[in-house]
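Visitor: This structure is in structure tokens; I'll ask about it shortly.
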Protein chains: 2
Amino acid sequence: MSDKRRTQNEVAEGADRRVRVDVQRNLDALLQAAKAVFATSGVDAPVREIAEKAGVGVGTVYRHFPRRSDLVAAVFRREIDACAAAAPLLAASYEPGEALLKWIERYVAFIATKRGLAEALHSGDPVFEPLPLYFQQNLEPALGQLLRAAATAGEIRGDVDAGDLLNAIARLSGADQAQRMVALLVDGLRYGKKASSGLR
Amino acid sequence: MSDKRRTQNEVAEGADRRVRVDVQRNLDALLQAAKAVFATSGVDAPVREIAEKAGVGVGTVYRHFPRRSDLVAAVFRREIDACAAAAPLLAASYEPGEALLKWIERYVAFIATKRGLAEALHSGDPVFEPLPLYFQQNLEPALGQLLRAAATAGEIRGDVDAGDLLNAIARLSGADQAQRMVALLVDGLRYGKKASSGLR
DNA sequence: TTGAAAAACGGAACAATGTTCCGTATTTGT
DNA sequence: ACAAATACGGAACATTGTTCCGTTTTTCAA
């Protein structure tokens with residue numbers, strides 16, 4: 001290794017070396033192909049299918065994403081971010097209760113388009129652990145804000161955990177009657193200020 | 001044991017031939033092994049593992065259960081039946097609201113012990129189609145009865161479909177916070193007599 | 001009791017998939 | 001233009017569902 005001093009490019013960050021152009025190209029193609037395939041065949045689609053659609057070998061897929069789930073996570077990250085970003089926007093445009101409802105609606109729509117994602121999140125397979133983590137780290141604060149605002153406004157009870165709700169909705173989504181079931185869950189939010197189901 | 005004529009055993013049904021003893025033995029061993037393995041490793045456990053535990057070859061497993069899911073279904077059928085049978089018993093021993101709550105509790109406990117079952121039910125994999133069918137055909141009437149009784153008694157709203165609720169609970173079960181989420185759902189049952197979430 | 005036909009058995013073999021490995025091709029910095 | 005570094009593609013391996021078939025066990029009746 002001759003010394004590789006990157007002269008002026010030596011940014012603070014560990015920017016070891018400029019990313020090779022082919023890497024960037026393949027990564028883009030991969031993410032795009034994966035997004036398309038996931039939408040079509042669900043998140044359980046074979047890696048080979050994605051690799052082929054992207055015009056790369058499976059080796060390339062695995063170099064960028066050591067685990068299948070890493071690819072899934074990468075593909076969804078940006079959509080998750082967008083969903084999280086929507087929260088403050090809605091909060092600024094509607095009253096607390098309405099904003100909460102609208103955000104949940106958006107969240108449901110997002111989850112619904114990802115066949116198999118709900119299962120993956122809950123599969124228990126250690127390989128999917130990072131995914132729900134990212135989900136919650138990004139979505140929980142967003143929902144938490146809306147939840148708190150709505151509770152303060154007295155529109156819903158105040159003892160509901162954002163993470164719980166996020167998880168519950170994700171599980172309910174995907175079913176034919178998802179809308180109805182989520183609605184029921186939301187009604188539960190308004191039931192009262194104190195626990196009361198007897199199942200606690 | 002010479003005289004083998006089926007004499008009085010000759011039931012009307014096309015009892016072509018008495019089931020071979022080894023068949024019965026293997027079938028029992030299989031169901032028992034499967035039940036144990038499912039409880040330990042979840043319903044996704046490899047068929048080979050079950051076959052080995054039962055002391056039979058995989059060929060035997062597939063002769064009795066053409067699809068993996070058929071075995072899963074067989075193992076749960078009796079438990080499902082028991083769960084369904086509990087409904088009228090509870091209805092006879094408690095007031096409508098209480099009976100409903102207790103039955104849901106039992107249902108949750110049952111689902112909880114079957115790691116992966118909720119996912120299987122919803123997997124979309126055509127191979128699991130018969131399972132949810134059996135579930136609903138047996139559990140829906142049971143829950144429906146309790147639901148109707150509770151609604152009549154004015155303890156919950158009357159527009160909740162038993163199938164929906166069954167499905168929703170199955171999806172929620174298995175999570176760490178399943179109890180809390182189901183409780184929230186149940187609270188939703190009491191919210192009012194009319195739709196009100198705005199998500200409908 | 002005995003022997004041949006029927007039924008079931010076990011497990012090797014096949015197919016689909018996730019993942020790893022490595023010889024080859026591409027890119028980069030000089 | 002060249003050599004080192006890096007990435008690439010896809011064959012090879014591991015795991016698991018499912019099928020196939022030669023062998024073993026059970027049944028039935030003479």
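Visitor: State which residue is farthest from DNA strand C (Cβ to nearest atom) when the search covers only the range A:34-81 and only residues that are not aliphatic (A, V, I, L, M) and not in a helix (DSSP H, G or I).
Guide: Step one: filter the range A:34-81 for residues not aliphatic (A, V, I, L, M), giving A:35, A:38, A:40-42, A:44, A:46, A:48-49, A:52-53, A:55, A:57, A:59-60, A:62-70, A:76-79, A:81.
Imposing the further condition that a residue be not in a helix (DSSP H, G or I) reduces the set to A:42, A:44, A:46, A:55, A:57, A:65-67.
Values: A:42: 11, A:44: 6, A:46: 3, A:55: 13, A:57: 8, A:65: 8, A:66: 6, A:67: 5 Å.
Residue satisfying both the conditions and the ranking: A:55.
Visitor: Within the range B:159-170, does at least one residue satisfy the condition of being more than 11 Å from chain A (Cβ to nearest Cβ) and without any contact (Cβ under 8 Å) to a residue 12 or more places away in the chain? If you could, list the steps in order and put the result at the bottom.
Guide: Keep residues of the range B:159-170 that are more than 11 Å from chain A (Cβ to nearest Cβ), which gives B:162.
After this cut, where a residue has to be without any contact (Cβ under 8 Å) to a residue 12 or more places away in the chain as well, the list is none.
Within the range B:159-170, not a single residue is more than 11 Å from chain A (Cβ to nearest Cβ) and without any contact (Cβ under 8 Å) to a residue 12 or more places away in the chain.
Visitor: Looking at the structure I just gave you, is residue B:87 surrounded by 20 or more Cβ atoms within 10 Å (Cβ to Cβ) and in the same structural domain as residue B:28 (by TED's automatic domain parsing)?
Guide: When the stated conditions are applied, residue B:87 does not pass them.
Visitor: Going by what's in this entry, would residue A:58 be described as within 8 Å of DNA strand D (Cβ to nearest atom), more than 16 Å from residue A:111 (Cα to Cα) and more than 14 Å from every other protein chain (Cβ to nearest Cβ)? Spell out the reasoning first.
Guide: Details: within 8 Å of DNA strand D (Cβ to nearest atom): yes; more than 16 Å from residue A:111 (Cα to Cα): yes; more than 14 Å from every other protein chain (Cβ to nearest Cβ): yes.
It is true that residue A:58 is within 8 Å of DNA strand D (Cβ to nearest atom), more than 16 Å from residue A:111 (Cα to Cα) and more than 14 Å from every other protein chain (Cβ to nearest Cβ).
Visitor: Among the residues in the range B:104-111, are any touching a Gly at 6+ places or on another chain (Cβ under 9 Å), within 16 Å of DNA strand D (Cβ to nearest atom) and within 14 Å of another protein chain (Cβ to nearest Cβ)?
Guide: no
Visitor: Looking only at the range A:21-47, count every residue that is closer than 18 Å to residue A:116 by Cα and open to solvent by 50 Å² or more (accessible area, probe 1.4 Å) and tell me the total.
Guide: Of the residues in the range A:21-47, 6 are closer than 18 Å to residue A:116 by Cα and open to solvent by 50 Å² or more (accessible area, probe 1.4 Å).
Visitor: Does the range B:135-165 hold any residues that are under 14 Å from the mean Cα position of the chain (by Cα), more than 15 Å from residue B:101 (Cβ to Cβ) and modelled with pLDDT of 85 or more, and which are they?
Guide: If the condition is that a residue be under 14 Å from the mean Cα position of the chain (by Cα), more than 15 Å from residue B:101 (Cβ to Cβ) and modelled with pLDDT of 85 or more, then B:137, B:138, B:139, B:140, B:141, B:163 are the ones that fit.
Visitor: May I pose another question? Scan the range A:49-72 and give yes if some residue there is closer than 30 Å to residue A:157 by Cβ and touching a Lys or Arg at 6+ places or on another chain (Cβ under 7 Å), otherwise no.
Guide: Checking the range A:49-72: not a single residue is closer than 30 Å to residue A:157 by Cβ and touching a Lys or Arg at 6+ places or on another chain (Cβ under 7 Å).
Visitor: Residue B:197 passes all but one of (1) farther than 20 Å from residue A:172 by Cβ; (2) at pLDDT below 75; which number fails?
Guide: Answer for residue B:197: the failing condition is (1).
Visitor: With respect to residue B:40, determine if the residue is among the polar types (S, T, N, Q) and modelled with pLDDT under 95.
Guide: yes
The values are calculated or read from the model by the stated rules, or taken from the named source; none is laboratory data. Everything numeric here is computed off the predicted structure, so don't read it as measured data. Glycine gets a Cβ as well: all are built from the backbone with ideal geometry, and neighbour counts include every protein chain shown. Areas reflect the complete protein model, heavy atoms only, side chains present, ligands, DNA and RNA absent. Shrake-Rupley method; radii C 1.70, N 1.55, O 1.52, S 1.80 Å.
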